[in-house]
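Let me begin by presenting the structure, written as structure tokens, before commenting on it.
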Amino acid sequence: MTDITVRPMAAGDAERVLTIYQAGLDDGQASFETDAPTWATFDAAKLPAHRFVAVDGDDLLGWIAVSPTSTRAVYAGVVEHSVYVDPVAQGRGVGRLLLDAVIASTEAAGIWTIQSGVFPENAASLALHRRAGFRIVGTRERVGRHHGRWRDVVLLERRSPAIT
């Protein structure tokens with residue numbers, strides 16, 4: 001049995017993070033995006049205090065990061081997250097470890113809501129989120145075209161019970 005640990009994401013993780021991101025995009029079930037961004041674009045969009053990677057020794061297995069949902073002050077406690085796991089590491093609990101880390105870091109920072117949008121066909125991601133305390137808010141039907149077809153998006157959120 002190997003020991004998977006979670007640590008803060010560092011600039012030195014860029015290549016591996018973007019490779020895992022692209023693998024998720026290539027699967028077609030993770031995002032409307034089709035190409036991973038440059039590291040500069042990724043870095044500018046994600047909140048530095050809430051980016052983590054899961055590692056097994058020197059092997060980076062997955063990552064999670066959050067972005068603000070709005071620049072308006074009233075929404076300062078609401079973020080959107082992305083979590084990606086290397087296809088060869090799926091089913092090993094990596095996604096849950098990453099979600100637990102970002103939940104802890106966001107709650108410590110006073111963030112009360114984490115949200116995400118997931119394609120309804122991505123049953124593994126929906127189950128992972130439900131186990132981590134996310135609830136389905138609703139489904140946005142035919143919200144965008146992806147590879148030539150309309151796709152729905154299930155909206156999920158986790159409200160912190162610690163922040164009232």
For the range 1-109 the trypsin sites (Lys or Arg not before Pro) that pass both the DSSP coil test and the at-most-15 other-Cβ-within-10 Å test are 72
Averaged over all viewing directions, the convex hull of the alpha carbons in the range 20-164 casts a projected area in nm² of 9.1 nm²
Any GluC sites (Glu not before Pro) in the range 62-163 that lie in a DSSP loop and have at most 15 other Cβ atoms within 10 Å would be 121
Put 34, 71 in order of accessible area, largest first, probe 1.4 Å, and you get 71, 34
Of 150, 63, 39, the most mobile residue in a GNM of the chain (C-alpha springs, cutoff 10 Å) is 150
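Give, rounded to the nearest 20 debye, the magnitude of the charge dipole that the range 23-77 has about its Cα centre when Lys and Arg contribute +1 at Cβ and Asp and Glu contribute -1 at Cβ.
Details: 3 positive and 8 negative charges, 106 e Å.
About 500 debye.
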Checking 137, 94, 53 against a Gaussian network model of the chain (alpha-carbon springs below 10 Å), the top fluctuating residue turns out to be 137
Computed over the chain, protein heavy atoms only, probe 1.4 angstrom, the accessible area per residue in square angstrom equals 54 Å²
Taking alpha-carbon centroids only, the range 112-164 lies from the range 8-62 a number of Å equal to 19 Å
Connecting every pair of Cα atoms under 10 Å apart in the chain and solving the GNM, the largest mean-square fluctuation among 100, 58, 43 falls on 58
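Could you check how many percent of all C-alpha pairs in the range 1-87 are farther apart than 23 Å? Before the final figure, lay out each step's value.
On the way: 907 of 3741 pairs.
The answer is 24 percent, as a whole percent.
Rounded to a whole number, what % of the accessible area of the chain do carbon and sulfur atoms account for, probe 1.4 Å?
Numbers: 4520 of 8800 Å².
Here carbon and sulfur together make up 51 percent of the probe-accessible area.
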Stretched fully, the stretch from residue 150 through residue 123 gains (0.36 nm per residue minus C-alpha distance, one decimal, in nm) 7.9 nm
Quick tally, 1.4 Å probe accessible area for 50, 147, sorted with the most first, runs 147, 50
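The values are calculated or read from the model by the stated rules, or taken from the named source; none is laboratory data. None of the values given here were measured: they were computed from a predicted structure. For neighbour counting, all protein chains shown are included, and Cβ atoms are generated from backbone atoms with ideal geometry for every residue, glycine included. What goes into the accessible areas is simple: the full protein's heavy atoms, side chains included, and nothing from ligands, DNA or RNA. Shrake-Rupley method; radii C 1.70, N 1.55, O 1.52, S 1.80 Å.
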